[in-house]
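Report on one structure; see the data block that follows.
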Amino acid sequence: MNYSALSSEDLVLACLEHGDEQVWNEFIRRLNPVIARSVIRVATRYGPFDKFLIDDLVQETYLKICANECKLLRTFTPQHPDAIFGFVKVIAASVAQDFFKSRLAVKRAPEAKADSVEEESAAASPESGKGTLNTTERSVLIEQIDRKLSAVVPPEELQRARTVFWLYYRSGFTASAIASLPGLDLTTKGVESLLFRLTRLMREKLSNVGEPGTRGKKGFQQAESF
């Protein structure tokens with residue numbers, strides 16, 4: 001069936017009645033730009049943000065739409081042919097608002113903690129000859145750390161691990177604050193355990209920078225103990 005030819009209203013009905021991969025792919029193709037724009041619009045009110053956070057909030061929006069056997073879609077009554085676009089826009093904005101309100105409500109950890117991994121990486125880098133980093137150097141360093149993080153974490157766990165890691169080290173969230181955020185499904189102890197493993201793995205990688213025999217090797221082996 002050619003789902004791209006369906007009206008928005010019929011597409012929603014097809015998702016609820018058939019639920020196969022193709023129809024949901026069409027649903028995402030049409031609505032993802034609307035959801036992303038709505039999330040970004042909310043995020044801009046709260047200061048700087050990165051792509052990973054936006055991606056997480058978009059995914060959280062889909063989780064909310066699909067929760068309880070798509071209850072929100074089943075109870076939705078369109079008032080005009082393209083009403084679904086306004087509907088998902090409201091859901092996405094609500095998800096983003098809840099996230100940022102939760103972040104503002106938590107007590108921020110000391111600023112020194114948020115920079116510790118970046119500073120350690122800068123100190124370990126052979127090219128680092130200064131005690132402080134300018135904006136460009138800091139951005140490059142963060143990107144390098146994120147690539148190393150992606151190299152040591154299994155793909156199926158990467159999204160959650162990356163979210164927890166950067167909320168802790170860049171945004172200064174405490175473990176309990178991270179555990180309280182929707183969609184992570186971690187207790188405070190679970191967050192602490194994950195951070196301990198990630199920090200240990202990253203420090204192992206950072207400590208190898210510049211050591212004899214490490215230059216020229218491409219990439220990192222996935223840690224067996226993760």
**Request:** Determine which member of the set SER94, SER4, SER102 is among the hydroxyl-bearing types (Ser, Thr, Tyr) and either outside any helix (DSSP H, G or I) or within 24 Å of ALA161 (Cβ to Cβ) (or both).
**Result:** SER102
**Asked** Restricting to region 115-143, what's the tally of residues that are assigned to a helix (DSSP H, G or I), surrounded by fewer than 16 Cβ atoms within 10 Å (Cβ to Cβ) and either modelled with pLDDT of 80 or more or not charged (D, E, K, R) (or both)?
**Response** 6
**Prompt:** Within region 1-36, how many residues are among the basic types (Lys, Arg) and loosely packed, with under 14 Cβ neighbours inside 10 Å?
**Reply:** 1
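Listed here are the residues, each with its yes/no results for (1) under 21 Å from ASP10 (Cα atoms); (2) modelled with pLDDT under 90.
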residue: ILE28; (1), (2): yes, no
residue: LEU31; (1), (2): yes, no
residue: VAL34; (1), (2): yes, no
residue: VAL42; (1), (2): no, no
residue: GLY47; (1), (2): no, yes
residue: ASP55; (1), (2): no, yes
**Message:** Regarding region 83-96, can at least one residue be identified that is of a type in the set (S, T, N, Q), under 30 Å from ILE142 (Cβ atoms) and out of contact with any helix residue (DSSP H, G or I) (no Cβ under 7 Å at 6 or more places or on another chain)?
**Reply:** yes
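The values are calculated or read from the model by the stated rules, or taken from the named source; none is laboratory data. Keep in mind that what you see is a predicted model, and the values were worked out from it rather than measured. Counting neighbours? That spans all protein chains shown, and the Cβs are built from the backbone with ideal geometry, glycine included.
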